[in-house]
Amino acid sequence: MTLKGKAIKSVINLISKLSFSNKSMQKLQQHTLRKLLISARNTDFGKHYDFKRILKSPNMIEAFQNNIPIFDYDEIYNKWWHRLLKEDRDVTWPGRIKKFALSSGTTGSSSKYIPISNQMLLSMRSASFRSISVLTQLNLPNNFFNKKILMLGGSTELKQLADLSIGDLSGILIGNIPNCMNNLYEPSLKISKESDWYEKLDKVIKEAYKWDIGVVTGVPSWIQILIERIIDYYKVSSIHDIWPNFKVYVHGGVSMEPYKTYFNKLLGNDIIYLESYLASEGFIAFQKSNTANGMSLVMGNGIFYEFIPFNSDNFSDEGVLLDRARALNLSEIKANEEYAIILSTNAGAWRYLIGDTVKFTDISKYEIIITGRIKHFLSLCGEHLSVGNMNDAISRINKEMNLDINEFTVFGELVNNYFCHTWWLGINEDVDNELLCGKLDAILRVLNDDYNTERGSALKEMKVNIIPNKLFYGWMKIQNKIGGANKFPRVLSNKQITSWLAFLELQNIKQV
């Protein structure tokens with residue numbers, strides 16, 4: 001078995017070397033954009049914006065940015081992508097798009113249909129192979145490479161609309177794994193097709209003892225539930241009693257910081273954590289080592305990147321892009337500044353504002369961290385409290401008070417002509433509410449100067465409500481957002497506030 005593992009490790013290393021490019025990042029970006037424009041020059045979008053003329057420009061990138069507007073989802077869908085669902089050809093990408101990733105819709109539209117072309121599927125597969133090659137650099141024993149990868153994702157049973165297939169991105173990807181690689185993954189395709197999330201978990205749990213798992217991938221909240229239920233079902237003290245060779249957890253979709261303290265207890269301190277950034281629009285980045293301070297952008301793989309500084313010059317207080325906003329190229333970005341990310345891709349997304357914000361932790365390596373969403377922050381009166389601030393604060397609270405707050409959310413409201421932040425924290429134990437509120441407030445004051453200033457003026461009040469974690473998942477269930485890549489919104493919109501409070505009232509939970 002060690003010999004077999006060594007052989008598999010060698011193949012992974014070979015894939016990594018074949019994927020490597022000696023071109024500079026700037027040349028890769030220019031090459032990628034040229035390929036995209038050439039491929040789509042005869043589409044309706046390419047003709048409308050005259051891609052052929054842009055390709056002849058002495059400064060192709062500048063011409064591209066000057067001639068094509070920035071789109072959010074509603075704009076590109078209403079003007080172009082709605083035709084894809086009518087099975088029109090050559091709209092924003094050559095041919096017909098037959099697969100669509102149905103996004104979790106945490107902001108904006110309740111459901112977003114993101115086109116997935118065959119080229120994008122190949123690009124995601126290529127990036128997945130590159131990310132797997134990281135395992136060969138982690139000083140793992142050769143026999144580790146015989147072990148299985150558990151992929152806990154959405155259902156591979158996609159909804160059919162005429163000749164179109166629509167579903168969770170993870171389900172689309174799992175369903176398109178090459179047959180020769182199916183034996184590397186669990187659960188089986190039969191279990192992966194299960195559309196009922198809790199039925200799927202039950203089936204995974206009952207089969208878990210048969211599998212020799214080395215790597216687990218999935219959103220932290222759902223992985224936590226799965227691991228806890230496996231331990232309870234088999235009456236064991238640790239997940240390693242079932243999967244003794246489980247050594248690597250690959251997470252994504254949400255910041256790991258609020259979960260990290262509890263996961264160290266749940267999985268053990270010797271688990272290696274690696275982060276990946278796989279969005280419905282493309283495989284954007286992955287962590288190349290467990291010591292890296294961020295994820296490296298995936299380059300030369302069908303995505304052209306641009307970045308808009310996430311500040312008041314470019315965005316309104318509601319997170320709406322202003323007309324005067326200007327996008328920057330990789331050569332113009334700076335470390336530790338927050339940017340909204342824009343993608344042009346080989347699935348027909350063009351200058352598409354995906355809604356995520358990032359910071360570059362290392363310019364030389366193009367390493368990033370996800371800091372939040374352009375509409376997931378609080379700024380009722382200029383406090384500019386980001387999701388990144390919130391994640392950091394919860395992580396510090398967990399350490400200081402020895403708590404395991406994994407899920408949380410917050411919203412702003414007007415109380416007695418002044419503003420108030422109302423928090424809901426998932427805690428399954430008795431905690432001094434007043435003490436917790438004071439500590440959280442103090443930490444946020446240190447993390448964010450604007451918040452500290454406003455706490456002395458317009459932002460008069462802060463409330464903390466403590467509820468069991470299960471209520472977060474209960475609300476998500478009635479929203480039909482259980483499992484897969486779905487996650488609880490960290491900042492609630494007005495519509496979500498109404499639904500959330502109504503749900504809590506049915507559970508006899510009163511707001512502080």
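The values are calculated or read from the model by the stated rules, or taken from the named source; none is laboratory data. Bear in mind that the values here come from a model prediction, so they are computed numbers and not experimental data. Note that we place each Cβ from the backbone using ideal geometry, even for glycine, and neighbour counts take in every protein chain shown. Side chains are part of the model used for accessible areas, which takes the heavy atoms of the whole protein and leaves out ligands, DNA and RNA. Shrake-Rupley method; radii C 1.70, N 1.55, O 1.52, S 1.80 Å.
Annotations
- Where the chain is the region considered: accessible area per residue in Å², 1.4 Å probe: 45 Å²
- Rounded percent of accessible protein surface that carbon and sulfur make up, the chain, 1.4 Å probe: 48 percent
- Length gained when the stretch ASP202-ASP44 is fully extended (0.36 nm per residue, less Cα-Cα span): 52.2 nm
- Integer Hz, Karplus 6.51/-1.76/1.60 couplings in order for segment 207-215, x for Gly and Pro: 9, 4, 5, 7, 9, 9, 8, x, 10
- Summarised as an ellipsoid, the chain has semi-axes of 34, 31, 22 Å, derived from the eigenvalues of the Cα gyration tensor scaled by 5 and square-rooted, with the largest first.
- Across segment 378-479 the C-alpha pair distances fall into 10 Å bins from zero in the proportions 14, 49, 30, 6 percent.
- In the chain, helices alone account for a calculated mean residue ellipticity at 222 nm of -10500 deg cm²/dmol, with every DSSP H run of four or more residues adding -39,500 (n - 2.57).
- Lys pairs under 19 Å by Cα in segment 117-259, provided they are eight or more residues apart or on distinct chains: 24
- q = 0.23 Å⁻¹, segment 209-284: log10 I(q)/I(0) [Debye, one scatterer per Cα]: -1.11
- Simple spin-label estimate for LEU501 and GLU332 gives 4.3 nm between the two label positions (7 Å along the Cα-to-Cβ direction from each Cα).
- Using the Cβ-Cβ distance between VAL512 and ASN183 with R0 = 41 Å, the FRET efficiency computed as 1/(1 + (r/R0)^6) comes to roughly 0.20.
- Other-chain or far-sequence residues with amide H under 5 Å of THR371's (modelled H): THR357, VAL358, LYS359
- Debye intensity ratio in log₁₀ form over the Cα atoms of segment 140-203, taken at each q of 0.16, 0.19, 0.23 Å⁻¹: -0.57, -0.74, -0.96
- Each listed q (0.10, 0.13, 0.19 Å⁻¹) maps to a log10 I(q)/I(0) for segment 435-512, found by the Debye formula over equal Cα scatterers with no solvent: -0.33, -0.55, -0.97.
- Mean separation of Cα pairs under 8 Å and 6 or more residues apart, divided by the residue count, gives segment 330-482 a relative contact order of 18 percent.
- Two-decimal Rg to Rh for segment 287-366 - Kirkwood Rh, Cα set: 0.98
- Residue-level accessible surface for ASP44, protein heavy atoms, 1.4 Å, Å²: 50 Å²
- Equivalent-ellipsoid semi-axes of segment 21-162, from the Cα gyration tensor, Å, largest first: 32, 25, 13
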